[in-house]
Each structure stands twice: as C-alpha cells, then as structure tokens.
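Contents: one structure, followed by commentary.
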Amino acid sequence: MGELDGKTAIVTGGASGIGAATIALFEAHGATVASLDRVDGLDVRDGEAVTRAVNEFANKHGRLDILVNNAGSGDLRPLHMVDDKTWHRLIDVNLTGTFNGMRAAVPLMLAGGGGAIVNNASVSGMSPTRNEAAYSAAKAAVVSLTKSGALEYGPTVRVNCVSPGHVLTALTEPTWTHFADVFGPIVESIPLGRVGTADEIAEVILFLASDRSSYITGQTLVVDGGIMLPQAGTDPALRELFNRFSTDPS
C-alpha cells in the first residue's frame, strides 16, 4: 500500500532532476501525477497559464491533493553584473512561479477539504551564495512565502518547504565531474562526505506531502548533508590546528 494511494499531485519542473525523481516516487506510492514543465510548453511565470493547467488537471481527476513547486532557474555572476533581464528571470521563475502555483492550487484544496504544498527553495535561501544574489534573494522569499501560505490556509492546507544543498542531477553531474578539482573542497566540507542525489530530495518531498508530516506546516527542511554546519574560514583553520597538535594514538 502506497503513501499516496488515491492522491492526485502536480509537480512543476518535472521533466528532469528533482522534479522527475519526485514524480517517479509519487507514482510508485500510488499517486496520479502531472508534470508542468517548460518542456511541455508551460512557463510558470505565466500566472494565467498555470491556473488554467492546474484547473484542467483538477477537473479531470476530480481533485488536487498535492502541489510541488519545483521549477527553478539559476545564474552565476556578481550582483553588479546582473542585468534587468537576468534579474527578472530569476525572480519570476523561482519566486513568482511558486506564487502562481500556490495561488492556483489553494482554492481547489480549500474546496476539496485539504491539501499539501511543498515548495523547493535552496540552502542559498537560508544563507546567500557568493555571486548568486538574485537567486538567493528569490529562494529566501520562497521560504517566507511558504510561511505566509501556512499561516493563511491552515488547518485545511499545509505548506512546507525543502531546501536542498548540493545535489547531483543529469544537468549538474557533468560540471561536477569536469571541475572535480574545484568542487573537491566542497565535498570535503560536507559532514556526510558526499553530494546528495535527486532521489534523496524526493524522499523528503514525499514526507512533507504525505500524512506522515500531518502536524508540520510552515517549516523549511534543509537537506544538505550538513554543509551549512561548518563555520566558513573558522572550521578549516581549527581542523588544521587540531591535526597539527593532536597526537597519533598508534
């Protein structure tokens, strides 16, 4: 018996990566799932198009139980080099896209007597990443938007957020492999000693979407292998100091 037997769900950005892994896991647990992705011609920045697609799905299946706002877009450049087009793309895809999904889903969930929304933010929304000012700002706003949704629509609708750290996907793995010398120190700084997988993030999304998290709302669950724990600069220095002065038990 699946965690989501009889449930219906929509996942934005479901064509690849975390979105595709989430859809596969949801279906394995009994849910009927639709992907809303730009590959299929849907731009989450278009509020009317999102509302139309969500309503069509709900009308077809009689209800909407779960929405996962996963669609996102990134960029890497210093703040002063972010042009208007890039700024609006990052804010509109990551933040406005999430807002559009929530705005479309909430009335259906309220009318249906319940639902769960899971928004995909990032550890960059918890602590900004260098040269990702616009992306980090958008993801921080997603965390706040999640709390607002939970506050306004509980107890009928639960709204939570997942904030992944470094995750290997088909899109990112070539970069990690090609620049292994650059990313090696990142891996070394992760307490769990490795980069995460899309499947691992999907498992957390399943938890937040299912009844196993029935008393959780307005929360952001960080899934980062512990990378946010070490203090930048201080931790590597103290580790080196310890290595120098520690005695070898052998």
Q: Quickly run through region 208-248 and pick out the residues that are without any contact (Cβ under 8 Å) to a residue 12 or more places away in the chain and within 23 Å of K139 (Cα to Cα).
A: Q231, A232
(Q) For region 24-61: of the residues being among the basic types (K, R), over 13 Å from A105 (Cα atoms) and assigned to a helix (DSSP H, G or I), which is farthest from the chain's Cα centre (by Cα)? (A) K60
Q. Where in region 137-250 are there helices (runs of 4 or more DSSP H), lying wholly inside it, with at least 3 residues that are at pLDDT 90 or above?
A. 198-209
**Q.** Residue satisfying condition, being surrounded by fewer than 22 Cβ atoms within 10 Å (Cβ to Cβ) and either under 22 Å from T217 (Cα atoms) or hydroxyl-bearing (S, T, Y) (or both), within set T22, T12, T51
**A.** T51
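Yes/no matrix, rows are residues, columns are (1) buried (at least 19 other Cβ atoms within 10 Å of the Cβ); (2) over 16 Å from the mean Cα position of the chain (by Cα):
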residue	(1), (2)
N131	no, yes
A138	yes, no
K147	no, no
L151	no, yes
P155	no, yes
V159	yes, no
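The values are calculated or read from the model by the stated rules, or taken from the named source; none is laboratory data. All figures in this text were calculated on a predicted structure; none of them were measured in a lab. Cβ atoms come from the backbone with ideal geometry, glycine included; neighbour counts cover every protein chain shown.
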